[in-house]
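One structure is given below, encoded as structure tokens.
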Amino acid sequence: MIPITTPTLPEIEKLTAKFEEIFASGQLTNGKYVEEFETACAEYVGAKYAVAVSSCTVGLILTHKCMDLIGEVILPSFTFSATAHSLVWNNLTPVFVDCGEATHNIDPDLIEEKITSKTSAILAVDIFGNPCDRVKIEHIAKKHKLSFIVDSAHGLGSLYDGKKIGNWADAHVFSLSPTKVVVAGEGGIIATNNENLASKLKKARNYGDPGDYNCDIVGLNGRMAETNAIIGNESLKMVESNVSKRNKLANRYIGKLSIEGIEFQRIAANSRSTYKDFSMTINESILKVSRDDLIKKLQEKGVNTRPYYDPPIHKMDAYKKYHKEYENKLPVTAKLAKQSLSIPMFSHMTEEQQDFVVDAIKSSIV
Ligand SMILES: *Cc1c(COP(=O)(O)O)cnc(C)c1O
């Protein structure tokens, strides 16, 4: 069975001495390895500050909290649930905007019409690692005095305009869970150039305690453990080589699967995707097989795939109160949700494994 993804972990030998050290010292949290990891992440993405947290979801929740967002926040619906959950946990109202058919990212040209007097921020996403259009979105955010946050759960290792993506926007939140490219076991990194935000986040991840137990923010325990930081640090050292392997595999997929009826997410010429996922769209009327039937056929042939993101957030049961409001309002999101298929992609995938996937797809669509 070829999995949809599996983490490419550092060699255990690189971790054991550090694990032994923290086991001997008992310093399992609030220690030097989280600090080291934060420094390495800030350096890598080119941001002034990086704050490590227990997950990207917690990182997003704390970021919205520390930025004092209120009212409405604009986001795509074609994304993972946690993007919107992070808003709802802060009593913010999600305002869903459709995405671009080629990029799969929020369509910047549809943002302004959704801005009201209640809007406080734009929360964009780098879907599957494809950087969203930071220049256009930042321009809109500045013009309307909105915060701009990127859920870049997939984007640690992506490039936009030839540069690492941590330098645009007010904050980027990256995920380090095992389906992502850089893995800490569980974890998240918030990258920002805003010193005040970084120090508030460090307090907020520690219950909101400034050090004297007289909390001035209602925080969480959102700390990253030392064990996770040790794994994350070694994994970060592999990011460039893993992203480049994924780009090679992605180009190979595109070459071998350029078939009428199959389309691929488009990455801008001056951008680089991490290819956290490799996604394609299945045109049922051309290929004579539906996306869902293809999933079943591939599963029978030993290839595991996922229909990311179906359902999109605005159609999830937890978002029932939005079902009516958005009915038929997000046509591209609806189309992508029905046609998208993520096929196996992991950094140590071999060409033989990839050829097996390609053959399974080709033999399922004729
Ligand atoms: C995985 C993911 C998250 C959540 O990350 P965790 O670290 O698992 O909390 C948030 N947003 C998107 C788009 C994701 O894919």
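The values are calculated or read from the model by the stated rules, or taken from the named source; none is laboratory data. Computed from a predicted model, the values in this text were never measured in an experiment. In this analysis, Cβ positions are derived from the backbone assuming ideal geometry, glycine residues included, and neighbour counts consider all displayed protein chains.
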- Could you list, in sequence order, all residues of the stretch 161-185 that are crowded, with 24+ Cβ neighbours inside 10 Å, away from the ligand (no atom under 11 Å from the Cβ) and not in a loop (DSSP other than H, G, I, E, B)? 165, 166, 171, 172
- Of the residues 137, 190, 149, which is part of a strand (DSSP E or B), under 23 Å from residue 104 (Cβ atoms) and aliphatic (A, V, I, L, M)? 149
- Being part of a loop (DSSP other than H, G, I, E, B) and buried (at least 20 other Cβ atoms within 10 Å of the Cβ) is the filter here, so list the residues in the stretch 263-281 that pass it. 265, 267, 271, 273, 274, 275, 276, 277
- Restricting the stretch 54-81 to residues that are surrounded by fewer than 24 Cβ atoms within 10 Å (Cβ to Cβ) and of a type in the set (Gly, Ala, Ser), the one farthest from the ligand (Cβ to nearest atom) turns out to be 71
- Note on the structure: Of the conditions (1) within 24 Å of residue 234 (Cα to Cα); (2) within 16 Å of the ligand (Cβ to nearest atom); (3) of a type in the set (Ser, Thr, Tyr), the single one that residue 103 does not satisfy is (1)
- Query: Does residue 90 fit the bill of being crowded, with 24+ Cβ neighbours inside 10 Å, within 16 Å of the ligand (Cβ to nearest atom) and of a type in the set (S, T, N, Q)?
  - Reply: no
- Query: When the stretch 320-366 is examined, which residues are found to be in contact with a helix residue (DSSP H, G or I) (Cβ under 6 Å, 6 or more places away or on another chain), under 16 Å from residue 78 (Cβ atoms) and assigned to a helix (DSSP H, G or I)?
  - Reply: 322, 339
- From the list 126, 109, which one is within 22 Å of residue 280 (Cβ to Cβ), modelled with pLDDT of 95 or more and either away from the ligand (no atom under 16 Å from the Cβ) or crowded, with 23+ Cβ neighbours inside 10 Å (or both)? 126
- Residue under evaluation residue 331, criteria (1) surrounded by 15 or more Cβ atoms within 10 Å (Cβ to Cβ); (2) touching a residue at least 24 places away in the same chain (Cβ under 8 Å); (3) not β-branched (Val, Ile, Thr), criterion not met: (1)
- Message: Scan the stretch 240-250 and tell me whether some residue there is assigned to a loop (DSSP other than H, G, I, E, B) and either more than 13 Å from residue 343 (Cβ to Cβ) or over 19 Å from the mean Cα position of the chain (by Cα) (or both).
- Response: no
- Message: When you scan the stretch 89-101, do you find a residue that is hydroxyl-bearing (Ser, Thr, Tyr) and without any contact (Cβ under 8 Å) to a residue 60 or more places away in the chain, even just one?
- Response: yes
- Selection from the stretch 246-280 of residues of a type in the set (Val, Ile, Thr) and out of contact with any His (no Cβ under 9 Å at 6 or more places or on another chain) yields 254, 259, 262, 267
- Query: Filtering the stretch 28-53 down to residues that are of a type outside the set (A, V, I, L, M, F, W, C) and not in a helix (DSSP H, G or I), which residue is surrounded by the most Cβ atoms within 10 Å (Cβ to Cβ)?
  - Reply: 49
